[in-house]
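Trainee: One structure, pasted below without further comment.
None of the figures in this text is laboratory data; all of them are computed from the coordinates on show. What you are looking at is a predicted structure, and each value in this text was computed from that prediction instead of being measured. Here the Cβ positions follow ideal geometry from the backbone for every residue, glycine too, while neighbour counts run over all protein chains shown.
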Amino acid sequence: MLRQIARLTRPVEDAGPRATAIAVYADAADRVVPAEDFGFEGVACVDDAARGAVLLCDLWAVTRVPIVRAWALGIADFLHYMQREDGSFVNFVVDWRGHHNENGPTSYPGGSFWQARGTRALAKLWMVLGDERAHGALLRAVPLIRDATDVPPDVRAIHVHMANELLRVGAMSQLRADLERWCEEIVRLRRGRVLYDNPDQDAPHLWGHVQEGAIAEAGALLDRPDFVAAARESAMAYLAPLVERGFDEPTVQPYGVASAIYSLTKLLEVTGDEVFADLVAKARDWFYGRNPARRQVYDRESGRVNDGIDDGLLNEHSGAESNIVAAQALIDDVVATLPDMLPLIEGCFVPRVRERLLAAPAAGSA
C-alpha cells in the first residue's frame, strides 16, 4: 500500500520546492494514467492528496517516522497550491508542472467532495503536525462548508468526520452546533432503517458511504444516543448483509469496503458490541480473498492494492484512492510493518521525490 503510494508520488513543480502529489491512476504495469472518466481531468487531484495527507498524519502520530512527516508536508504544499484565496479548492492539475483544471466536471472550484476532503486534510495537518499555515487555510475553508446548503449526506458525513476530530481535541468549539445540525440532516434522509447518500437514489452506494461511522462518533461526542441508534440500525440493515456475503455486488472498489470498515469500527468503539468486531474482521478479509473473485485484492509481495472487483474479476489496475483507503482500513498492519518496510518504501519513490523527502528537515517545523 505505502509502496504503491510512493510509486505514484510525483513532484509538482509550480507548487513549491518540496511539493508532491499522488498520481490518480496506474495500470497493471504501474504506468501512470490520467483521469479521463468524464473527459480529460488531470494527473493528480486534491481528493487523493487530501486522503493521503490524512493517512500520513495518522501514521506520523503513532510512529514518528521522519520521512512520513516530510511526505505529509510535501503533499500539504500541493493542497495549499490548489486552494484559492476565497478558501475554495480546485481539484485537478492537468500536468506535473501544476497547471490547474478550473473547468472540469470533477475539478471546478469548491466542488463538494474535494472541498470537504481538502478542508478535512487542513484540519488534520494543523492538529497533528502543528502546521500553522494549514490552520490559516482551514479558517478560510470552513466558512464555505458552514454556509453550504442542500449538501448530500455522503458529503456532509466528511464534514461531520472533520468536526468530530476537531472537537475531540478541543479545537474550533464553534462547530459543535453545526455538527449537531449536520447529523440531523443525515438522519433525516433514511428509507426504512437505512441511511441514504442523496435524495435521488434508489439504493445507497457503498463507496464513500460513511454516515453510520460519522454520526455514531458524533452521537457519543454530543451525548445524542439517537444518532448512535440510527447509525447502528443502518449498519445492521445495510452494511452487515454486504459484509456477510463478501461484498458480492457487481462492482466493488476498495473505497467501498474501506468505507464500511470505517463505520463498523466506529460503531465498535462507541457501542463496544462484539458483533461489530466480527463484522470488521470479515470486511477486512475482503482484501485477502474473502470476495467473489476469491483472490487477494491486496498483494503483500508487491505492495499493491488492486482497483476492485468487477463481475467477479479482479481489476489489475492500482491507483491512488485504492491504496490510500486500504491503508486506512488496514492501519494496524501498516503501523506494525512500517519499520521493516521503510527501506522498500523509500526505494519506490522516483529519484526526485526521494531526494526531496530525505533532504527535508523531517522532524522540524512545518
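Trainee: Would you please put 42-55, 252-265 in order of how densely packed they are, using the mean number of other Cβ atoms within 10 angstrom per residue and starting with the highest?
Mentor: Highest to lowest by the protection proxy: 42-55, 252-265.
Trainee: What number comes out for the charge environment of residue 200, summing +1 per Lys or Arg and -1 per Asp or Glu over other residues with Cβ under 13 Å away?
Mentor: Combined, the nearby Lys, Arg, Asp and Glu give -3.
Trainee: Step by step: find N for segment 175-256, compute 2.2 N^0.38 Å, then divide the Cα radius of gyration by it. What's the final number?
Mentor: 1.11
Trainee: Net charge around residue 350, counting only other residues with Cβ within less than 12 Å of its Cβ (Lys, Arg = +1; Asp, Glu = -1)?
Mentor: Result for the local shell: +2.
Trainee: Oh, and also: Where does each of 2-11, 71-80, 187-196 land if you order them by average Cβ count within 10 Å, highest first?
Mentor: Sorting 2-11, 71-80, 187-196 by mean packing, highest first, produces 71-80, 2-11, 187-196.
Trainee: Starting from a Cα-only point model with no solvent, please compute log10 I(q)/I(0) by Debye for segment 153-291 at q = 0.09, 0.10, 0.20 1/Å.
Mentor: -0.24, -0.30, -1.15
Trainee: Okay, moving on. Calculate, for residue 233 and residue 146, the FRET efficiency according to 1/(1 + (r/R0)^6) with r their C-beta to C-beta distance and R0 30 Å; round to the nearest 0.05.
Mentor: So, using R0 = 30 Å, E works out to roughly 0.60.
Trainee: A follow-up question, please. Set Lys and Arg Cβ to +1 and Asp and Glu Cβ to -1, take the dipole of the chain about its Cα centre, and tell me which of 75, 211, 159 lies farthest positive.
Mentor: 75
Trainee: List the relative contact order of segment 153-291 as a percent without decimals, with contacts defined as Cα pairs under 8 Å and 6+ residues apart.
Mentor: Averaging sequence separation for qualifying contacts and normalising by length gives 23 percent for segment 153-291.
Trainee: If you take the Cα Rg of the chain and divide it by 2.2 N^0.38 Å, with N the number of residues, what do you get?
Mentor: Against the compact-globule rule of thumb, the ratio is 0.93.
Trainee: Local charge sum around residue 317 (other residues, Cβ-Cβ under 12 Å, Lys/Arg +1, Asp/Glu -1)?
Mentor: Spelling it out: positives minus negatives among the neighbours equals -4.
Trainee: I want to check the label-to-label distance for residue 251 and residue 274. Put each point 7 Å from Cα in the C-beta direction and report it in nm to one decimal.
Mentor: Computed distance between label sites residue 251 and residue 274 equals 4.0 nm.
Trainee: With +1 on each Lys and Arg Cβ and -1 on each Asp and Glu Cβ, how big is the dipole of the chain about its Cα centre, in debye rounded to the nearest 20?
Mentor: 840 debye
Trainee: Can you figure out the FRET efficiency of residue 350 with residue 61, using R₀ = 25 Å and their beta-carbon distance, to the nearest 0.05?
Mentor: Once rounded, the FRET efficiency stands at 0.40.
Trainee: Then there is this: Roughly speaking, what is the stretch gain from residue 95 to residue 201, that is 0.36 nm per residue apart minus the C-alpha to C-alpha distance, in nm to one decimal?
Mentor: 34.7 nm
Trainee: Given charges of +1 on the Cβ of Lys and Arg and -1 on the Cβ of Asp and Glu, with all other atoms neutral, how large is the dipole of segment 254-361 about its Cα centre, in debye to the nearest 20?
Mentor: The dipole of segment 254-361 has a size of about 240 debye.
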